[in-house]
Amino acid sequence: MNRIRRHYLTLATAAITAAGLLLSGCGTLPTASAEAQAARAALAPTGALRIGVYTGSPTSMVRDAKTGETVGIAYELGAALARDLGVRAEHVEFRRVAEVIDALKAGRVDFTFTNASPARAKDVDFTPALVQLELGYLVPNASPINAIAEIDRPGVRVGVSEGSSSFAALSKQFKNAKIVTAPSLQRVGEMLAKNEIEAFATNKGILFELADSVPNTRILAGRWGEENMAIAIPKGRAEGLAFVQKFAQRVKADGTLAAFVKRSGLRGVADADAK
């Protein structure tokens, strides 16, 4: 009987010792790589990766009206990077992209996916471009405007998101048309319906979403430019930038990015050979 007691005592002691090793990190539980641990403090200083997103753009975040599912390239890429870092993903919502960039500059968010314009590159760090989108215009079905060449004329008011890269680009291009800022994408349909603007300009990923939700509108054929979409992080986080660059290369090469693009429903991807 004593021999049996000693046997079970030995087994219990071994189990307790194994559990202690696992809890102390000396066991075989999976942990983030050494490189990820070094990058974690730079990329997620609060202990969570704060992902800046805004609603209405497949490149950022959209919600399926029927299922309620939330998708979007920034939304899912950020979550994937958080998993690689071994931290929690925290999605922070804004009304428009300019607010996301401002939060990134101030260090209030850690990650987003947006147009890597030269102006923005002065304030945040980007990976190489991962997706290129066409820029276009949305107009009412009844509009007499039928071509992009007809936009820059006296009396034409073109809406753009406040603080967007489209605002900066068109301010340099237009000689006659007037730019009117929209406080959010959700206001665009109302502005078109009330004749506050004759057209709305942004990338076609957003325009197709608007055309689906705003009745009696159409997208003009052609493009007036392109946006080069890339991952962005705040400046001053050099220790994490190399990790993000490798992450970007990997998700593009292994099909992860393509899966996120498909799931987001993104349309308007630029054809490099189109003119």
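What to note about this one:
- Note that the stretch 89-104 has calculated 3J(HN,Hα) couplings of 8, 10, 8, 10, 8, 10, 7, 8, 5, 4, 5, 5, 4, 4, 5, 5 Hz, one per residue in order, obtained from phi through the Karplus relation 6.51 cos²θ - 1.76 cosθ + 1.60 (θ = phi - 60°); glycine and proline are x.
- Between Arg88 and Leu49, the built amide H atoms are under 5 Å apart, and every one of these is 5 or more places off in sequence or on another chain.
- Estimated from the Cβ-Cβ distance and a Förster radius of 25 angstrom, the FRET efficiency linking Arg83 and Ala106 is about 0.45.
- Residues Thr46, Thr112, Thr256, ranked from the fewest to the most other C-beta atoms within 10 Å, line up as Thr46, Thr256, Thr112.
- What separates the Cα centres of the stretch 220-275 and the stretch 122-175 is a distance of 19 Å.
- Residue pairs, from the table Lys172/Lys246; Lys194/Lys262; Lys105/Lys172, whose Cα atoms sit over 30 Å apart: Lys172/Lys246; Lys194/Lys262
- Residue of Val87, Val100, Val160 that the Gaussian network model of the chain assigns the largest fluctuation, springs spanning Cα pairs under 10 Å: Val87
- Ellipticity estimate at 222 nm from DSSP helix runs (n ≥ 4, -39,500 (n - 2.57)) divided over the chain, nearest 500: -12000 deg cm²/dmol
- Once backbone amide H atoms are built at 1.01 Å from N, Phe113 has Ala232 as its partners under 5 Å, excluding neighbours fewer than 5 places away on the same chain.
- Annotation: amide H-H contacts under 5 Å for Val131 (H modelled 1.01 Å from N, sequence separation of 5 or more, or interchain): Met229.
- Spacing of the modelled spin labels on Ala147 and Glu69, each 7 Å from Cα toward Cβ, amounts to 4.1 nm.
- GNM top mover of Asp125, Asp110, Asp64 - the chain, alpha-carbon springs below 10 Å: Asp64
- Counting neighbouring beta carbons within 10 Å and listing from fewest to most, the residues Met191, Met61 come out as Met191, Met61.
- Residue-by-residue Karplus 3J(HN,Hα) for the stretch 206-218, coefficients 6.51, -1.76, 1.60, Hz, glycine and proline x: 6, 4, 5, 4, 5, 4, 5, 9, 9, x, 6, 10, 8
- Modelled FRET efficiency - R0 45 Å, Glu190 with Thr46, Cβ distances, 0.05 increments: 0.75
- Shown in residue order for the stretch 131-147 are the 3J(HN,Hα) couplings computed by the Karplus curve 6.51 cos²θ - 1.76 cosθ + 1.60 at θ = phi - 60°: 9, 10, 10, 6, 9, x, 10, 10, 9, x, 4, 7, 5, x, 6, 10, 8 Hz (x for Gly and Pro).
- Gaussian network model of the chain, Cα within-10 Å springs - most flexible of Thr181, Thr202, Thr67: Thr67
- Axis of helix 34-43 versus longest Cα principal axis of the chain: the two differ by about 50°, to the nearest ten degrees.
Read-outs: derived from the displayed coordinates by stated rules, not from any lab. If you're wondering where the values come from, they're calculated on a predicted model, not measured in any experiment. Glycine gets a Cβ as well: all are built from the backbone with ideal geometry, and neighbour counts include every protein chain shown.
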